[in-house]
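**Student:** Let me begin by handing over the structure; questions about it come next.
The values are calculated or read from the model by the stated rules, or taken from the named source; none is laboratory data. Predicted model, so just to flag it, every value in this text is computed and none were measured. Here Cβ is always computed from backbone atoms with ideal geometry, including for glycine, and neighbour counts include all displayed protein chains.
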Amino acid sequence: MKKPDLWALPLLAALCAGALGAALYFQHVLDWQPCPLCIMQRLAFVVVLVCALLALLVRSEAGRKRMLGFGLLSAFSGFGVAAYHVWVIAHPKVSCGIDPLETQINALWLVQQMPWLLKADGLCSTPYPPVMGLHMPTWTLLLMGFSACLFVWCSVKSKR
């Protein structure tokens, strides 16, 4: 186990778990219904969390690098979805709403198993109030960017 992994990957897993916990709080306590883009961002958080934990647990260097690479790809994907969601919020006439994307997401096997976490019921352009000055997708954008940086940093540090 490399020294960067001892703090970076657990930190990353904790941040992802915290983001998912916050999303569940906003959904189930404050009744903010997630849209299809929100669900895709949650899926990215789940994959980044799992990749960070597996990178900690995998013994082989090749397996660890695969997990870091897959986590980086997931972080980039989540970043892209969050960036588009920020754009949708900035352009309120655009919406992903009740469309084929929502139907496809809600039909996924994982969504069927965990509807309390992954079922899309909301509209992307719903004007929920900012949280600590930023909209939820902006927080995701920042966290996914930070996640990508940590995955790259762990990969670079492990080569030395």
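**Student:** Looking for whichever is within 14 Å of Phe151 (Cα to Cα) and within 11 Å of the chain's Cα centre (by Cα) here; the options are Phe76, Phe70. Which one fits?
**Tutor:** Phe76
**Student:** Could you say which residue among Cys51, Cys35 is surrounded by 24 or more Cβ atoms within 10 Å (Cβ to Cβ), closer than 17 Å to Pro137 by Cα and out of contact with any strand residue (DSSP E or B) (no Cβ under 6 Å at 6 or more places or on another chain)?
**Tutor:** Only one candidate qualifies: Cys35.
**Student:** In addition: Can you find, within the stretch 11-27, the residue that is surrounded by the most Cβ atoms within 10 Å (Cβ to Cβ) among those that are more than 12 Å from the chain's Cα centre (by Cα) and farther than 14 Å from Trp139 by Cβ?
**Tutor:** Gln27
**Student:** List the helices (runs of 4 or more DSSP H) inside the stretch 1-90, counting only whole elements, that have at least 1 residues being farther than 24 Å from Met114 by Cβ.
**Tutor:** 3-28, 61-90
**Student:** Scan (1) buried (at least 18 other Cβ atoms within 10 Å of the Cβ); (2) hydroxyl-bearing (Ser, Thr, Tyr); (3) not in a helix (DSSP H, G or I) for the single condition Tyr128 breaks and write down its number.
**Tutor:** (1)
**Student:** Further question: Take Leu43 and decide whether it is surrounded by 13 or more Cβ atoms within 10 Å (Cβ to Cβ), in contact (Cβ under 8 Å) with a residue 40 or more places away in the chain and either over 24 Å from Ser125 (Cβ atoms) or among the charged types (D, E, K, R) (or both).
**Tutor:** no
**Student:** Can you pull out every residue in the stretch 86-104 that is modelled with pLDDT under 80, buried (at least 17 other Cβ atoms within 10 Å of the Cβ) and either among the acidic types (Asp, Glu) or closer than 19 Å to Phe26 by Cβ (or both)?
**Tutor:** Cys96, Glu102
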